[in-house]
Amino acid sequence: MTSAQQKLFGTQSFVEFTLDQKPMVVQSHVVLGNNVRVELWDNGVLYFHPQGDSLQNSLLLSVGVHGNETAPIEIIDQLVTDIFAGKIVVKHNLLIVIANPEAINAGSREVDENMNRLFSSNFTHQTDQSNERHRSQRLMELSQGFFNREAVKKIHYDLHTAIRGSVYTQFAISPNAIGMSEADYQYGLLGHWGIQAILSTQQKSPTYSSFTANTCGATSFTLELGQVKPFGENDLGEFSAVIEGLARSIVGDEDLSMINNPVKRFSVAGEVIKHSEHFRLCFPSDTVNFTEFDIGDVLATDKGYEYIVANGGERILFPNENVAIGQRALVIIRPEDNLTESIL
Ligand SMILES: [Zn+2]
């Protein structure tokens, strides 16, 4: 325990302190021995700023948008502890966000509603708004303020774990515009972190990464790092390549020289919306993400509606029959290299 950490969080780690949801402390900033200023902007929102004149990257790392996705929270706690201990020296502006402490404390995905559908400027303040609406509003303000500062690169990684298994254990969702050179660079970088597949989507959605990509000018990714497990049951060894990659991004020592891991690229072919209580998915509930279906397979039915696979290579992602009516119950994706593969 370093004295800088103690000044901010007493005897606790950043995550422990955040989950206790204490009133804001009097001393909400410290300067580390390596001249990095640390400011606690709000509960669970910690800003690191290396002092000096040179222009830096702005890197936002967020976890806990879904409260039961614990591995990323443990990863962040380790990184923050290593920063305070001087093992990781922050060379870029860094904002760490623990998004939904109330849901984490409740051990559930959400308290009132799915926070990753609430990062939209269209949601205005209401007096009776849910925990998640209140918090996402605040996080949008703080993220915007962070990315408004001039920076060489603006990057956001929003770390999750998924409810169901997946053909690709670790994958990323990229809401960035196609052809962005920084996004292309990041695809290569994420491959080195062990990310096996990247799904590009241009559909604007109210996720945290889509908000920072579309509103804050960041290159942003939702990273799905494995399956949901309770605190204490995660093997952080499974995430060692990601942890190392994140640490290298913080110290400004990104390494693209390692063996190239080819990343499978996918794009969204369509979304299936649940329109009525008659909505059903037509495959077993334990079907894993990225499972491929054949032309003619019926994937979903609703009142007067069927989704039938019409193109080769269609796979499913994030199926959930139990979403609210009007919400997305299934994403249909296709490999971007499908054409190339069929020619070969
Ligand atoms: Zn999640």
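The values are calculated or read from the model by the stated rules, or taken from the named source; none is laboratory data. Model, not experiment: these values are computed from the prediction. Using ideal geometry, Cβ is built from the backbone for each residue, glycine included, and neighbour counts are taken over all protein chains shown.
The residues in segment 266-313 that are more than 29 Å from the chain's Cα centre (by Cα), in a strand (DSSP E or B) and not aliphatic (A, V, I, L, M) can be counted, and the count is 4. The set of residues in segment 182-229 that are more than 16 Å from the ligand (Cβ to nearest atom), in contact (Cβ under 8 Å) with a residue 12 or more places away in the chain and among the acidic types (Asp, Glu) contains only 182.
Selection of segment 75-111 for residues being closer than 30 Å to residue 324 by Cβ, away from the ligand (no atom under 16 Å from the Cβ) and either of a type in the set (Val, Ile, Thr) or assigned to a loop (DSSP other than H, G, I, E, B) (or both) yields an empty set. Selection within segment 212-225: residues that are in a strand (DSSP E or B) and not acidic (Asp, Glu). The member of this set that is farthest from residue 99 (Cα to Cα) is 219. Checking 209, 240 one by one, the residue that is assigned to a helix (DSSP H, G or I) and crowded, with 20+ Cβ neighbours inside 10 Å is 209 and no other. Which is in contact with a His (Cβ under 7 Å, 6 or more places away or on another chain), buried (at least 17 other Cβ atoms within 10 Å of the Cβ) and either more than 19 Å from residue 230 (Cα to Cα) or among the β-branched types (Val, Ile, Thr) (or both), of 59, 32, 95? That would be 59, the only listed residue that is in contact with a His (Cβ under 7 Å, 6 or more places away or on another chain), buried (at least 17 other Cβ atoms within 10 Å of the Cβ) and either more than 19 Å from residue 230 (Cα to Cα) or among the β-branched types (Val, Ile, Thr) (or both).
If you go through segment 292-303 and pick out every residue that is modelled with pLDDT of 95 or more and surrounded by fewer than 17 Cβ atoms within 10 Å (Cβ to Cβ), you end up with 7. Listed conditions (1) in contact with a helix residue (DSSP H, G or I) (Cβ under 7 Å, 6 or more places away or on another chain); (2) farther than 21 Å from residue 97 by Cβ; (3) assigned to a strand (DSSP E or B) are all met by residue 194, apart from (3). Each residue in segment 137-165 was checked for being of a type in the set (Ser, Thr, Tyr) and modelled with pLDDT under 95, and 1 of them qualify.
Scanning segment 23-74 for residues that are closer than 24 Å to residue 223 by Cβ and in a loop (DSSP other than H, G, I, E, B) yields a count of 10. All told, residue 257 falls short of being modelled with pLDDT under 95, touching a Pro at 6+ places or on another chain (Cβ under 9 Å), exposed (fewer than 15 other Cβ atoms within 10 Å of the Cβ) and not assigned by TED's automatic domain parsing to the domain that holds residue 166.
Just the residues that are more than 20 Å from residue 151 (Cβ to Cβ) and not in a loop (DSSP other than H, G, I, E, B), please, taken from segment 177-189. Steps first, please.
So in segment 177-189, the residues more than 20 Å from residue 151 (Cβ to Cβ) come out as 178-179, 187-188.
Result: 187, 188.
Is there a residue in segment 147-161 that is crowded, with 18+ Cβ neighbours inside 10 Å, in contact (Cβ under 8 Å) with a residue 24 or more places away in the chain and in a loop (DSSP other than H, G, I, E, B)? Scanning segment 147-161, I find at least one residue that is crowded, with 18+ Cβ neighbours inside 10 Å, in contact (Cβ under 8 Å) with a residue 24 or more places away in the chain and in a loop (DSSP other than H, G, I, E, B), so the answer is yes.
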